Amino acid sequence: MTRAEILNRLCGLFPQPSYLEIGVYRGETFLEVQAARKIGVDPNFAFDIKAAMAAQPHATLLAMTSDAFFAAPPPHPATYDVIFLDGLHTAEQTLRDLLNAIELLKPYGVIVLDDILPPSYHAALPGASRSIRLREALHSTDTSWMGDVYRLAFFIETFLQAFTTATVGGQMLLWRARRPAEALVPRSLEEVGRMPFEETVFQRGVFNICPLEEAIRRMGR
Ligand SMILES: C[S@@+](CC[C@H](N)C(=O)[O-])C[C@H]1O[C@@H](n2cnc3c(N)ncnc32)[C@H](O)[C@@H]1O
């Protein structure tokens, strides 16, 4: 399934869906998402945002970083049903985006984290240029760079008790559903911050991988 297909299925759970996308790039996902109101945030859009907003009057595109957006989110929709986090793919930035997004999430809303399951060691390096250097040195055919966003899966499992997750393809879905104390796998912050790539394989259970319809069933929808 494409990102847009997943996001459209999630938006379809709400009568008048409000949608926020952090990191829009060429708009391949944003322009395909069907929602009553859509906000897209990116400091470097790679398409004509004026033309896009003219074609989709229910969409607003803001040329700024996520930190600037969350510093004082304008009063578009003040809260969102579906939030897609696909900005700078480092654990630190994505964690800050996630904590900010939680503040703007409606009670039954869903947050989607992109690129949570890197396919290779070099795809999971936090720096894109270092990732490319290693990939070229290894003559690897895997050209993806996903950064160390995967570390958030471990952070959420240990520290965000109020949220339940499921991973569909490369996307992690989070929604508000408190988990029992036994579900909180003990880890130090340092351990999470240094979690090596191989643990995405050895501790695969942390991702709660399932088909989209199963995830929606688990949401109680
Ligand atoms: C992987 S692309 C987004 C792809 C898009 N969501 C899609 O599905 O087609 C990542 C985007 O994040 C943007 N980005 C980088 N740093 C950012 C930041 N601090 N805040 C928001 N967006 C950022 C980049 O400019 C880039 O366009």
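Here are the numbers for the structure shown:
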| read-out | value |
| --- | --- |
| Identity of the residue in region 67-89, open to solvent by 20 Å² or more (accessible area, probe 1.4 Å) and within 9 Å of the ligand (Cβ to nearest atom), that ends up nearest to residue 192 (Cα to Cα) | 88 |
| Failed condition for residue 147, given (1) part of a loop (DSSP other than H, G, I, E, B); (2) within 21 Å of the chain's Cα centre (by Cα); (3) surrounded by fewer than 18 Cβ atoms within 10 Å (Cβ to Cβ); (4) of a type in the set (Gly, Ala, Ser) | (3) |
| Residue 51 open to solvent by less than 70 Å² (accessible area, probe 1.4 Å), farther than 26 Å from residue 155 by Cα, outside any helix (DSSP H, G or I) and of a type in the set (Gly, Ala, Ser) | no |
| Of all residues making up region 33-48, the number that are open to solvent by 10 Å² or more (accessible area, probe 1.4 Å) and within 12 Å of the ligand (Cβ to nearest atom) | 6 |
| Residue 101 being modelled with pLDDT of 95 or more, surrounded by fewer than 19 Cβ atoms within 10 Å (Cβ to Cβ) and assigned to a helix (DSSP H, G or I) | no |
| Residues of region 12-32 satisfying the condition of being more than 9 Å from the ligand (Cβ to nearest atom) and under 15 Å from the mean Cα position of the chain (by Cα) | 19, 20 |
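The values are calculated or read from the model by the stated rules, or taken from the named source; none is laboratory data. Computed from a prediction, not measured in an experiment: that's the story for all the values here. Reconstructed Cβ throughout: ideal geometry from the backbone, glycine too, with neighbour counts over all protein chains shown. These accessible areas exclude ligands, DNA and RNA; they are computed on the full protein's heavy atoms, side chains included. Shrake-Rupley method; radii C 1.70, N 1.55, O 1.52, S 1.80 Å.
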